1. Of everything in segment 71-97 that's part of a loop (DSSP other than H, G, I, E, B) and open to solvent by 60 Å² or more (accessible area, probe 1.4 Å), which residue is farthest from V149 (Cα to Cα)?
2. Say whether the condition of being farther than 25 Å from N40 by Cα and of a type outside the set (K, R) is met by at least one residue in segment 98-110.
3. Starting from segment 282-293, take each residue that is in a strand (DSSP E or B) and list its partners that are open to solvent by less than 30 Å² (accessible area, probe 1.4 Å), counting only C-beta distances under 6 angstrom and pairs at least six apart or across chains.
4. Report yes if some residue within segment 126-136 is open to solvent by 60 Å² or more (accessible area, probe 1.4 Å), outside any loop (DSSP other than H, G, I, E, B) and free of Cβ contacts under 8 Å to residues at least 12 places away in the same chain; otherwise report no.
5. In segment 101-118, is there at least one residue being more than 24 Å from D65 (Cα to Cα), touching a Pro at 6+ places or on another chain (Cβ under 8 Å) and surrounded by fewer than 20 Cβ atoms within 10 Å (Cβ to Cβ)?
6. Name, by its number, the condition in (1) in contact (Cβ under 8 Å) with a residue 24 or more places away in the chain; (2) of a type in the set (D, E); (3) open to solvent by 60 Å² or more (accessible area, probe 1.4 Å) that does not hold for E204.
7. Open to solvent by 100 Å² or more (accessible area, probe 1.4 Å) and either modelled with pLDDT of 80 or more or under 43 Å from the mean Cα position of the chain (by Cα) (or both): is that true of N303 in this structure?
Amino acid sequence: MKLIKKISITFISIALTMGAALCADVVIEAAQQQINVDKNKGYFSGDVKVSIGDVMVKSPRAELDLEPKSKKPSLAVFFDNPYAFQDKDNKKHEIKANIMKVSLINKTLRAEGHTQSIMMKDRQPVITITSDIQEYNTVTKLMQANGSVIVHYQDVETFSDSASAIIDKGGEIHNLKLIGNVVMKEKSNILKGNKFEYKPKTQEYQMSGNTSTDITFEDGSRLHVKARYQQYNKNSNNMIAGGNVNIKYKDYLASGPKAQVFIDNATGKPNKVVFTGRSKITQNASTVEADVITMTMNPKEFNATGNVKTSISGGNSDDKMEFMP
């Protein structure tokens, strides 16, 4: 699914931009500067500009903590809506927040309060992340966003309580997680759940907790899946849903404990669904119950095995057959 690929690229791009800069020297410019070596503290105000490698931070006011023994800068805190940015070639990454903290010891950048990160290429916004808090650790390669997280990337938009991703030195993402009231939108396609996890190495994603998938195809038809969990594997191009599964596709209504949806590689549409466990499929006024039901879309048919029960409505409730006089 293109939706999953796009979200993984989002976190790769943002996490790589700040990594090397936090290891560099600090240069501070300000209208007023006060350094108290005994208290290991520095105070700066008035058009404060701090360069940390190729990262520039601007704010009206800042404080700097010094390491007690070496007297080297350890933590820079920027107040009153600071603005940080980094330019590299044709790319620019900027961060806005109420407060920003840069730890030169732990190699972390933390933005707090109405945070917004924007990645631009050729002066055009590519990725935007807004949240209450954002933090990147250059040692563990962990990117985290917490509190009302919204991600915009091309035509993909996600909402969640928190988000995190682990990135290796080569820029490859190992694990992407969205947690809490997750909603993922791509045009008319919507995925929902309490937890979303993507693993690029195995090319699969998992959603759990009251999940729902609503996909609209080019011909206007829709596939709607509800379950306690859903798992999609790109290599095999099939989706597994488990736990009180309900599927609606065109005039099919199906329910059961577990279902496997096979996607056609050419059309991108489901061409077969296999239900295991006691399941039920309803089409118009006809219902089939069985232990295993295989449903195909083209040709439109289904095969039921194991304690099969079929109910076919005559369509008119007034038409009755009586054997008793």
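The values are calculated or read from the model by the stated rules, or taken from the named source; none is laboratory data. The model shown is predicted, which means the values in this text are computed figures rather than measured ones. Quick reminder, even Gly has a Cβ in these numbers, built from the backbone with ideal geometry, and neighbours come from all protein chains shown. Just the protein is used for accessible areas: all its heavy atoms, side chains included, with ligands, DNA and RNA removed. Shrake-Rupley method; radii C 1.70, N 1.55, O 1.52, S 1.80 Å.
1. Here the answer is K71.
2. no
3. The qualifying pairs are Q283/Y252; V288/I281; V288/A304; A290/A304; I293/F275; I293/S279; I293/I281; I293/A304.
4. no
5. Yes, because at least one residue in segment 101-118 is more than 24 Å from D65 (Cα to Cα), touching a Pro at 6+ places or on another chain (Cβ under 8 Å) and surrounded by fewer than 20 Cβ atoms within 10 Å (Cβ to Cβ).
6. Result: E204 fails condition (3) only.
7. No; evaluated as a whole, the condition is false for this residue.
The rows are residues; the columns are (1) small (G, A, S); (2) within 15 Å of the chain's Cα centre (by Cα); (3) under 25 Å from N246 (Cβ atoms); (4) open to solvent by 70 Å² or more (accessible area, probe 1.4 Å).
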{"position": "S148", "(1), (2), (3), (4)": "yes, yes, no, yes"}
{"position": "S164", "(1), (2), (3), (4)": "yes, yes, no, no"}
{"position": "L176", "(1), (2), (3), (4)": "no, yes, no, no"}
{"position": "L191", "(1), (2), (3), (4)": "no, yes, yes, no"}
{"position": "I215", "(1), (2), (3), (4)": "no, no, yes, no"}
{"position": "G220", "(1), (2), (3), (4)": "yes, no, yes, no"}
{"position": "L223", "(1), (2), (3), (4)": "no, no, yes, no"}
